[in-house]
Structures are given as C-alpha cells and as structure tokens.
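Working notes, structure below.
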Amino acid sequence: MPKFHRDEWRMGRCRSCDLVYLTNPPGYEALVEDFAWEKTWVTEKAARLEAQPLLQRADLATRWRHKIGRKPDAVRYAEWFGAGNLLNVGCAGASEQYPGFTQYGIEISEDLAAKADENLRAHGGYCVHGPGAEAIKAFPDALFDGVILRSYLEHEEHPHTVLQQVARILKPGGRAYVRVPNFNSVGRKIFQRKWVGLRYPDHVQYFTLDTLRDLARRTGFSVRLLNPIRLPLDDNINVLFERGAA
C-alpha cells in the first residue's frame with residue numbers, strides 16, 4: 001500500500017485476511033527503547049501539530065467528547081469481568097487501580113515496567129517486563145477473570161500468539177476488552193496518511209471490525225461490539241472477546 005508508506009516504513013495488506021500491517025516492523029528490541037510508545041507519541045503529536053495546527057489543537061481541546069455517555073473504566077470493568085484477577089497488557093505505569101480486582105501487568109518499556117511493578121505490588125499484583133507474546137507465558141492457566149488489551153494489539157507483531165495465550169490464562173467464561181484504531185473509520189478515509197490512527201513505526205497492525213473478528217475466530221473467541229452506533233465515525237473499535245463457560 002504505497003500511499004501509506006512513510007520514510008523507511010512500508011505498509012501492506014494480507015491477501016487472505018485483508019489485514020493491513022507494517023511489513024518491516026522495528027522488532028521488540030527497538031520498541032523497548034528507541035521506539036517506546038511514551039517517546040514516539042510525543043514526536044507524533046508534535047508532527048501533527050506542525051502539519052495541521054488548527055485541526056489538531058481543536059481535537060486536543062475537545063478530547064472530552066470521547067467520554068460522553070461512557071462509564072468510568074472501574075465501572076465498566078466491574079460489569080464486564082465481575083471481580084478477581086485482572087491482567088492489563090501494555091499497562092504503561094499502571095497508575096490506576098480498580099476496586100474489586102488484583103491487577104497484574106505486562107509492559108515492554110523498561111522504565112514504565114519498573115513504575116508499573118512498584119504500583120501493582122503495593123496492591124498485591126506485579127508487572128512482567130517484556131514483549132507481550134513472550135511475557136504473557138509467565139502466567140498460569142485460568143488465572144484471570146478479565147484481560148485488558150486497550151490500545152495494545154496495534155503495537156503487537158504477533159497478535160495471534162497473544163490471543164492464544166489470553167484464551168489459556170482466562171478462566172472459563174472470562175472476557176478480554178480490546179480497543180484498537182479503526183482503519184475503516186470515516187476519519188481514516190478522509191485524512192488518509194494524516195489520520196490520527198497512523199503512528200510509525202510502533203503501530204504495526206491496522207484492524208477493521210472484520211479483520212478483528214477473523215482474529216477472534218481463529219483464537220477461539222466470539223466478539224461483542226461495544227460501539228456499534230458510533231463505529232463508522234469512531235477512530236477506535238471497542239469490543240469484548242468472549243469465551244464460553246466450561
């Protein structure tokens with residue numbers, strides 16, 4: 001997909017499943033330091049402000065609009081997962097706790113993982129530092145009532161492997177919350193290369209609802225769409241990946 005190439009980064013589309021992806025991702029080692037998300041988002045934000053100052057400033061000033069009609073995370077997680085053990089994959093510094101849950105984390109950034117581990121151990125959990133597809137293997141079977149994959153799968157080179165592991169570590173009937181950029185959104189079609197969901201090179205997967213459902217099916221999950229009315233205009237897809245009870 002040459003129109004989405006930028007600098008040395010190249011985009012492609014899978015011929016069998018239609019998934020759009022970065023064909024030459026930087027690899028896990030580079031994501032730990034050189035392209036850690038807490039660094040790249042600062043660079044990307046500055047570039048967008050320079051390219052479209054009025055539009056970007058208006059967007060930043062009205063970010064509150066995304067919270068209209070949305071319940072606080074703590075309330076939503078209680079409704080979706082109940083209570084118990086909660087895994088946050090790509091947890092950053094894990095600064096927020098959720099009543100009723102013992103929270104664990106996975107974080108590839110070394111600095112953020114250290115902060116997360118300190119925060120989580122104070123409440124009975126801990127953080128594993130490393131790539132999601134490897135670090136998730138450290139947890140035993142059927143440990144978790146819920147898994148948070150919020151703004152994570154777009155960064156993951158091996159989402160299929162991660163979701164296979166999520167299926168393993170969830171209790172029967174457990175759920176995973178997934179939020180990813182919506183490559184099929186109106187915003188992406190209008191802004192093309194300037195779309196907010198494009199971030200090079202730490203976004204390596206670009207999902208539509210169809211490609212996300214295909215990934216869920218291949219890893220043993222069904223999908224419940226959480227934002228069906230807003231989806232065409234929404235720059236993100238919000239879903240629950242659900243497993244049947246034993």
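The values are calculated or read from the model by the stated rules, or taken from the named source; none is laboratory data. Just so we're clear, the structure is a prediction, and the values are computed from it rather than from any experiment. Virtual Cβ from ideal backbone geometry, glycine too; neighbours counted across all protein chains shown. Heavy atoms of the whole protein, side chains included, go into the accessibility calculation; ligands, DNA and RNA do not. Shrake-Rupley method; radii C 1.70, N 1.55, O 1.52, S 1.80 Å.
Confirm whether A47 is modelled with pLDDT under 65 and open to solvent by 30 Å² or more (accessible area, probe 1.4 Å). Against the criterion (modelled with pLDDT under 65 and open to solvent by 30 Å² or more (accessible area, probe 1.4 Å)), A47 qualifies. Applying the set (1) at pLDDT below 90; (2) over 26 Å from T211 (Cβ atoms); (3) over 21 Å from the mean Cα position of the chain (by Cα) to A83 leaves exactly one unmet item: (1). One residue stands out in region 1-22 among those that are open to solvent by 40 Å² or more (accessible area, probe 1.4 Å), at pLDDT below 95 and not in a loop (DSSP other than H, G, I, E, B): the one that is farthest from K194 (Cα to Cα), namely P2. For region 95-129, a residue qualifies if it is farther than 23 Å from E29 by Cβ and either in a strand (DSSP E or B) or of a type in the set (A, V, I, L, M) (or both), and the qualifying residues are F101, T102, Q103, Y104, L120, A122. Report, by residue number, each residue of region 144-168 that is touching a Leu at 6+ places or on another chain (Cβ under 8 Å) and not in a helix (DSSP H, G or I). Once the filter is applied, which keeps residues that are touching a Leu at 6+ places or on another chain (Cβ under 8 Å) and not in a helix (DSSP H, G or I), region 144-168 yields F144, D145, G146, V147, I148. Taken together, E110, E96 contain a single residue that is without any contact (Cβ under 8 Å) to a residue 24 or more places away in the chain and over 17 Å from L143 (Cα atoms), which is E96.
Inspection of region 97-114 identifies no residue that is open to solvent by less than 50 Å² (accessible area, probe 1.4 Å), over 19 Å from the mean Cα position of the chain (by Cα), at pLDDT 85 or above and under 25 Å from F191 (Cα atoms). Taken together, the residues in region 169-208 that are assigned to a helix (DSSP H, G or I), under 29 Å from A30 (Cα atoms) and either at pLDDT 95 or above or charged (D, E, K, R) (or both) amount to 4.
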